[in-house]
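Enquirer: Below is one structure. I have some questions about it.
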Amino acid sequence: MIRCFFICIVVFSLWHNTCWGIEAADILDRVQDRYGEGDFEADFVQESQLKAMGMVDTAKGHIYFGRPGMMRWHYKTPEEYLIITDGDTVWMYRPEENQVMLGRASDYFGSKKGVDYFTRPGELTKEFDIEIGPKELQGKDHYVLRLVPRTERPGLAELYLYVSRATFDIVKTVSHNGFGDTTTIRFDNFMFDQGIDSCLFKFEIPKGTEVLQLED
């Protein structure tokens, strides 16, 4: 479920498609202006629909983003779970299992040194095509952009970004994989330029915790 989420950490390509008077590239420019060069944090709700199992998983938590490529995903319900990266190393910690998975960010997130559509949106332009999403998905309070990988990926068939018309925040992402699964993430309560402590993007492994190496 978590890996499926990180697949949707992408944005930015310069396509010229119109959406009620605005083009995809214009929307993306405004998104980049919105997130600027600073840090931010927000609440999130993640819903994963697993087709083969006929079930839906829901998780809630709080995210922190810093630069360059630093992220902290704190899942609070239904169980506590942390995903942290400083751009070089990634830690995945499950307190209830007393276990942490450790690896290189580049191995886990792909060819880039950490991946995020919020703080470094321009670095994956060669990997995705972006266009205005279907008209029926557009809303009075949001634009929808559709992202499609330029090379086939079993873990990601397409991704939709819902962008607020008022603030140009990315308020929701919806991703589909090749197995028919869907992951929806909603973001709320954004706070920008709070001066997030860089220590939040490091993880000190508790004594006695089982350490496993992430496979690339």
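Enquirer: Given the options 131, 80, 23, name the one that is surrounded by fewer than 21 Cβ atoms within 10 Å (Cβ to Cβ), at pLDDT below 95, at negative phi and touching a helix residue (DSSP H, G or I) at 6+ places or on another chain (Cβ under 7 Å).
Expert: Working: 80 fails: at pLDDT below 95; 23 fails: touching a helix residue (DSSP H, G or I) at 6+ places or on another chain (Cβ under 7 Å).
Only one candidate passes the filter, namely 131.
Enquirer: Scan (1) touching a strand residue (DSSP E or B) at 6+ places or on another chain (Cβ under 9 Å); (2) of a type outside the set (S, T, N, Q); (3) on the phi < 0 side of the Ramachandran plot for the single condition residue 193 breaks and write down its number.
Expert: The one condition residue 193 does not meet is (3).
Enquirer: Closer than 20 Å to residue 63 by Cβ and modelled with pLDDT under 90: is that true of residue 147 in this structure? I'd like the intermediate steps shown before the answer.
Expert: Working: closer than 20 Å to residue 63 by Cβ: yes; modelled with pLDDT under 90: yes.
Spelling it out, residue 147 is indeed closer than 20 Å to residue 63 by Cβ and modelled with pLDDT under 90.
Enquirer: Output the residue which, of all residues in the stretch 154-170 that are surrounded by fewer than 20 Cβ atoms within 10 Å (Cβ to Cβ) and among the aliphatic types (A, V, I, L, M), is nearest to the chain's Cα centre (by Cα).
Expert: 157
Enquirer: I would also like to ask the following. Filter the stretch 26-45 down to the residues that are in contact with an Asp or Glu (Cβ under 6 Å, 6 or more places away or on another chain) and modelled with pLDDT of 85 or more and list them by number. Steps first, answer last, please.
Expert: The initial filter retains those residues of the stretch 26-45 that are in contact with an Asp or Glu (Cβ under 6 Å, 6 or more places away or on another chain), namely 38, 43.
Answer for the stretch 26-45, where residues must be in contact with an Asp or Glu (Cβ under 6 Å, 6 or more places away or on another chain) and modelled with pLDDT of 85 or more: just 43.
Enquirer: So for the stretch 46-66 (the condition being crowded, with 21+ Cβ neighbours inside 10 Å, part of a loop (DSSP other than H, G, I, E, B) and modelled with pLDDT of 80 or more), does at least one residue qualify?
Expert: no
Enquirer: From the list 30, 34, 67, pick out the single residue that is closer than 24 Å to residue 105 by Cβ and of a type outside the set (S, T, N, Q). It would help to see each step written out before you state the result.
Expert: Values: 30 fails: closer than 24 Å to residue 105 by Cβ; 34 fails: closer than 24 Å to residue 105 by Cβ.
Answer to the selection: 67.
Enquirer: Which residues, counting only those in the stretch 152-194, are more than 18 Å from residue 33 (Cβ to Cβ) and β-branched (Val, Ile, Thr)?
Expert: Result: 173, 174, 182, 183, 184, 185.
The values are calculated or read from the model by the stated rules, or taken from the named source; none is laboratory data. Worth saying up front: this structure is predicted, and the values here are computed from it rather than measured. Quick reminder, even Gly has a Cβ in these numbers, built from the backbone with ideal geometry, and neighbours come from all protein chains shown.
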